[in-house]
Amino acid sequence: LWIFHGLDDAQASQRGAALRQHGAELIARPGPAGRVDLGAVLDELGRRGINELHVEAGQTLNGALLDAGLVDELLLYLAPVLLGEGRAMARLGPWTSLDQALRWERVDCSPLGADLRLRLRPAAASR
């Protein structure tokens, strides 16, 4: 089990002892503001032979990956259901005009039961 983090060595040592006892390897890849450097994480995964990564995340991590240009394909699943106020798929920006938008090209759109699965790739002229 690999756990990537953005802590300094002292913090990781204190917080990670129990995780290491259970076989986890803690890997420091610090980025700005105490966060993880996502590009460095992907580089390390590539070095370890991982060349395909599927991420199912919330709006903060989704937004960070998209904003950093680290996403080469999106899989979106759409259900014909509306419920509540809704949530953002990704926290992006702050972009205020269409020329700042991330643009995607549809690779595939296929039904999956009552739902739809969209497969998208970045458009050549996106940002």
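The values are calculated or read from the model by the stated rules, or taken from the named source; none is laboratory data. Because the structure is predicted, anything quoted here is derived from the model rather than measured. A quick note on method: Cβ atoms are made from the backbone with ideal geometry, for glycine too, and the neighbour counts reach across all protein chains shown. Surface areas here come from the heavy atoms of the whole protein model, side chains and all, with no ligands, DNA or RNA. Shrake-Rupley method; radii C 1.70, N 1.55, O 1.52, S 1.80 Å.
Among the GluC sites (Glu not before Pro) found in segment 3-103, those both in a DSSP coil and sparsely packed, with 12 or fewer other Cβ atoms within 10 Å of their Cβ, are Glu52, Glu56, Glu73, Glu85. Just in segment 79-124: which trypsin sites (Lys or Arg not before Pro) are loop by DSSP and have at most 10 other Cβ atoms within 10 Å? Loop-located and lightly packed - Arg87. Heavy-atom accessible area, probed at 1.4 angstrom with all protein chains present, ranks His5, His22 as His22, His5, highest first. Normalising the Debye intensity of the chain to I(0), with uniform scatterers on Cα atoms only, and taking log10 at q = 0.17, 0.22 Å⁻¹ returns -1.07, -1.37.
Estimated from the Cβ-Cβ distance and a Förster radius of 30 angstrom, the FRET efficiency linking Val107 and Arg35 is about 0.50.
Relative contact order for segment 29-104 using alpha-carbon pairs under 8 Å, separation at least 6, rounded to a whole percent? Could you put the intermediate results ahead of the total?
Numbers: 36 pairs, mean separation 21.6, N = 76.
The normalised contact order for segment 29-104 reaches 28 percent.
For Phe4, the residues whose amide H sits under 5 Å from its own are Ile27, ignoring neighbours fewer than 5 places away on the same chain, with H placed 1.01 Å from N. Solvent-accessible surface of the chain, averaged per residue with a 1.4 angstrom probe and all protein chains in place: 75 square angstrom.
So which chymotrypsin sites (Phe, Trp or Tyr not before Pro) in segment 34-109 are both in a DSSP loop and have at most 14 other Cβ atoms within 10 Å of their Cβ? Write out the running numbers ahead of the final one.
On the way: sites: Tyr77, Trp95, Trp104; in loops: Trp95.
Here the sparse-neighbourhood loop sites are Trp95.
Using the rule -39500 (n - 2.57) for each DSSP H run of four or more residues, divided by the residues of the chain, the 222 nm mean residue ellipticity is -7500 deg cm²/dmol.
In terms of overall dimensions, segment 69-127 has a Cα radius of gyration and Dmax of 13.5, 36 angstrom. Mean sequence separation of contacting Cα pairs (under 8 Å, at least six apart), scaled by the length of the chain, corresponds to a relative contact order of 19 percent.
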